[in-house]
Every structure is written in structure tokens, then in C-alpha cells.
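Participant: Have a look at the structure that comes next, please.
The values are calculated or read from the model by the stated rules, or taken from the named source; none is laboratory data. For clarity, every value in this text was computed on a predicted model and none was experimentally measured. Cβ placement follows ideal geometry from the backbone for every residue including glycine, while neighbour counts extend to all protein chains displayed. Areas reflect the complete protein model, heavy atoms only, side chains present, ligands, DNA and RNA absent. Shrake-Rupley method; radii C 1.70, N 1.55, O 1.52, S 1.80 Å.
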Amino acid sequence: MARITPTPGQKILYFLLVSLGIGILYIDINTNSFQEIKHGYKSLKISSFYILKNISIEPVRRVLNLTKSKKTLLEENTNLKKALDASYLNNYLISRENSFYKDDNILKYPLLDDDFKANYSLAKLKDLDPNIFKCCDKHRMYIELFSNSKEQSNLESVVFNKSGIIGQITNDGNYLEVILLTDVSHSIPIKSISDTFFCNAKGSGRANIIICSYNPLIWDEEILLTKTFYTSGLGGIFPRNIKIGNVINILDISPNLREIEIALSANPLDDEIFGVFKN
Amino acid sequence: MKDMVKKTIFLMVMSYVEINIAATLSNFFIIFPITFLGYSFYVYRTNSNANPIEAFLFGLLVDLIHGSYFGLNATLFCLITYLINSYSNAFKIFSYLQVCLFFGLSATAYVGFTQLVLNIYNFSYITLLVSSFFNIIFCILVAVFTSYFPKISRLKI
């Protein structure tokens, strides 16, 4: 049977819907008005996954654990893993390559009974879309604190893993939204080790790459491949002198514009446990 | 109602598959919009004209699942539904190759538009060309499959 091609009335409906779609798209791109719906959906997805897991897999696992009398051992194993992850982060903080804290003695362990004494909190990964991370301009990640105290705001807190800084918190709803250094709308002030070259490195939208644009006529320090860059601390958000990464590519765009691509030393896909500095 | 639930589940499954294979395919510069292609095939195979409001709502659902900007898939789903409905009778005199080219190029246009909106700073012509080639080959394989296994291909969603 032949199908009827769209009538003039249907064509008008198509036109209106396409116009509406473009309108919604324009509003979403420019105002982010639908973020709450998206966050709600993500929360729902994550919560449903965990509820389903708790209903379906966990009881079976619990029974198996009971039958094998390994529950205590598993708990101990979980605690040890958490402690090990925390020690990796602590090692990063006190390593010689950076100076989060000049005095190691002030470093407080995040798994202490009194969470208020700790300098940073441990958080676990809740959602990071690797497809978006590898393809698109917007690089975001969602994490959840182990000890979720609502008394202190985590907005703008620095997030790091055992390899280095990966971003900062932009939204502290149910889950903390982290804008990664590679997001195109993110900038981080960096400098060379000699303290004679400073610039704001913007996210490239590509995995693990940030881009620093500068005028070579103004900044005459010679930048070579593999040169290491550090945080300058000028923005007041990121601590000073933290290793960010190494130069992997230098592009001469014009006589007064040069771009250097820096490969970050920390990759958010490497870990599931992160540290969040307290403000 | 039952039909709508079926179609919604179909789209969600397609989206799930697309999200899971996208990371692997991106290593080969391929974007494979299987949700869009699946919906296009559904509109093509159906006996009656698909409702534009339905296309719009399914597009919004896909936007939500994929985490892309609202309106992107809604607009593109509406456009492909309009195109397929308009050419539904013309398709009958097309060869399989022409139909495959139509769907492959539609998928390429979809990839192009989505990349323009989602990834403007790193828009890649290599990705667009490789994806175009891949999508056309995929459509041809589907056509070959339906020719050799007509019983399976006659199944309705």
C-alpha cells in the first residue's frame, strides 16, 4: 500500500517542531537551562543502578560470603584498599616533585575518625563518560565523597588523583560535578620552572591535552619539547608549583601567536579514588 | 501504548549499544550513530507515516540518554522522519544501493551536525569521511543481510 507524503498541515507541524528543536538547542547551548534535568537523569541512572545492584547482586554475594565465612576478610580487604588508595594520594601530596604542603607534618590523613582534621577528603568516581571524554569539548566527571558532610561547601575545590591535579568542583549537588582541566571552558594558570614564563592553559577538548597560547614577542623564554610546566598559583584556586605536564607539540600560528600543547601527567581514567581539597 | 513502550525500549537499547561501542570505534576515527540509523530504518520499514511529534519526543529522549544538548537529536530525528516520509514512495523505485547511499549519507550528515554542535573546537574531517564510509558499508551489509535472510528482516518492531 502506498504511503501518503506529508500533507501541508503535517509540513507546518514538521516546520514548527524543527524550529522548536533549534530553539531549545540554542537555549541549552547558551544558558545551560536544562542542566538540572540532565543531572536528575544522571542521578536517577546511577541510583537505579545501585538500587538494582543492591537488590539483585548484593544479596547473592552476601549469601555467598556467609557460606564461605569470608565477610570479615572482605571488609578488611575493602578497608585496606581504601587505606592503600589514601596512601597513594598522600604519597603524591608529600612527594618531592610538588609542594602542596611545605611542611609534611601538617598533612592529616583523610581516614581519621575526626574528618574535620583531615586536609582533604576521599571521593569515589560515580560517573565519567569516556565517550564524551575522548570525543567532545565538554569534559565533566561526577564523584561522591566517602564522608559526605554537608556543612562545608566543596565548590571550586581542587580534585586530584595519585598522578596529579585533574580538575575542580563546579557543582556540589548530590554528586560533585568536576570540570576537568581538558574541558574547553576551563583555564588553569601555569608557569615554567624558571618562573620567567606564565600563561593560562585552556582545555583542548581532547583527552589529556591542554593548550597554552602566548605571544613569543613578549615571552622570550625558549620553550622546548618535553619541557615541564607547573601551576603558578595565580588564580588562587590551584596551589603553586604543582606539576601539570610536559610539552608535546609547539605550533607557530603567526609571528605573534604561538600555541604549545601540554600532555597532562594526571589522567582521570586511571583511578576510581580521588582526593578533594577542603576550602 | 504497547507499541510506544516497545519503540522506547528499542531506542534505549540502541543508545546503550551506541554508548558502549563509541569509545572503541573512536580509536579508528569512526562515529557510528546506530540509534539514529535504527530509528531511520524503523520509519522506512513502517507501513504508515511516522508522527512528527513522536519523532521529536524520541529525539529528546535520545538527547537525555546521550547527555547531549537538548534539541539536537530532536531536530535531526524530525528532519529524517520528514525526509523518509516525503520519499517513501520514491524509495520503491530506488535500487538497494541508492537506498543504502541515502541512509549512509543521512548518517554522515547526522555525524557532521552533531560534531559541529558538540565538538566544534576539534571538528575532524577524517572522522567525518571514515564514518561516512563505514556507515554506507554498514547499510549495504544490512541490505545484503535482508536479501539473504528475508524471514528475519520481515520481523516488525
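Participant: If a residue must be open to solvent by 50 Å² or more (accessible area, probe 1.4 Å) and either within 19 Å of B:ILE140 (Cβ to Cβ) or part of a helix (DSSP H, G or I) (or both), how many such residues does the range B:20-40 contain?
Facilitator: Residues that pass the stated criteria total 4.
Participant: Filter the range A:1-30 down to the residues that are assigned to a loop (DSSP other than H, G, I, E, B) and open to solvent by less than 30 Å² (accessible area, probe 1.4 Å) and list them by number. Working first, answer last.
Facilitator: The initial filter retains those residues of the range A:1-30 that are assigned to a loop (DSSP other than H, G, I, E, B), namely A:1-7.
If the condition is that a residue be assigned to a loop (DSSP other than H, G, I, E, B) and open to solvent by less than 30 Å² (accessible area, probe 1.4 Å), then A:ARG3, A:PRO6 are the ones that fit.
Participant: Of the residues A:ILE253, A:ILE209, which single one is hydrophobic (A, V, I, L, M, F, W, C), under 14 Å from the mean Cα position of the chain (by Cα) and over 17 Å from A:GLN168 (Cβ atoms)?
Facilitator: When all the criteria are applied, what remains is A:ILE209.
Participant: Before we move on, is A:ILE57 more than 10 Å from chain B (Cβ to nearest Cβ) and modelled with pLDDT of 80 or more?
Facilitator: It is true that A:ILE57 is more than 10 Å from chain B (Cβ to nearest Cβ) and modelled with pLDDT of 80 or more.
Participant: Scan the range A:238-265 residue by residue and report those that are open to solvent by 50 Å² or more (accessible area, probe 1.4 Å) and in a loop (DSSP other than H, G, I, E, B).
Facilitator: A:ARG240, A:PRO255, A:ASN256
Participant: Quick check on this structure: which one of B:LEU79, B:LEU101 is more than 10 Å from every other protein chain (Cβ to nearest Cβ) and either under 26 Å from B:MET12 (Cβ atoms) or open to solvent by 10 Å² or more (accessible area, probe 1.4 Å) (or both)?
Facilitator: Of the residues listed, the single one that is more than 10 Å from every other protein chain (Cβ to nearest Cβ) and either under 26 Å from B:MET12 (Cβ atoms) or open to solvent by 10 Å² or more (accessible area, probe 1.4 Å) (or both) is B:LEU101.
Participant: Would you say B:PHE70 is open to solvent by 10 Å² or more (accessible area, probe 1.4 Å) and in a loop (DSSP other than H, G, I, E, B)?
Facilitator: Working: open to solvent by 10 Å² or more (accessible area, probe 1.4 Å): yes; in a loop (DSSP other than H, G, I, E, B): yes.
For B:PHE70, the condition - open to solvent by 10 Å² or more (accessible area, probe 1.4 Å) and in a loop (DSSP other than H, G, I, E, B) - is met.
Participant: Among (1) open to solvent by less than 50 Å² (accessible area, probe 1.4 Å); (2) in a helix (DSSP H, G or I); (3) over 16 Å from A:LEU25 (Cβ atoms), where does B:ASN49 come up short?
Facilitator: Against the list (1) open to solvent by less than 50 Å² (accessible area, probe 1.4 Å); (2) in a helix (DSSP H, G or I); (3) over 16 Å from A:LEU25 (Cβ atoms), B:ASN49 comes up short only on (2).
Participant: May I ask you to list the residues in the range A:133-146 that are among the hydrophobic types (A, V, I, L, M, F, W, C) and buried (at least 22 other Cβ atoms within 10 Å of the Cβ)?
Facilitator: A:PHE133, A:CYS135, A:CYS136, A:MET141, A:ILE143 - these are the residues of the range A:133-146 that are among the hydrophobic types (A, V, I, L, M, F, W, C) and buried (at least 22 other Cβ atoms within 10 Å of the Cβ).
Participant: Tell me yes or no: at least one residue of the range A:195-208 is surrounded by 16 or more Cβ atoms within 10 Å (Cβ to Cβ) and within 18 Å of A:ASP271 (Cβ to Cβ).
Facilitator: Yes, the range A:195-208 has at least one match.
Participant: Sort through A:PHE34, A:PHE49, A:PHE15 and tell me the only one that's within 14 Å of another protein chain (Cβ to nearest Cβ) and touching an Asp or Glu at 6+ places or on another chain (Cβ under 6 Å).
Facilitator: Details: A:PHE49 fails: touching an Asp or Glu at 6+ places or on another chain (Cβ under 6 Å); A:PHE15 fails: touching an Asp or Glu at 6+ places or on another chain (Cβ under 6 Å).
It is A:PHE34.
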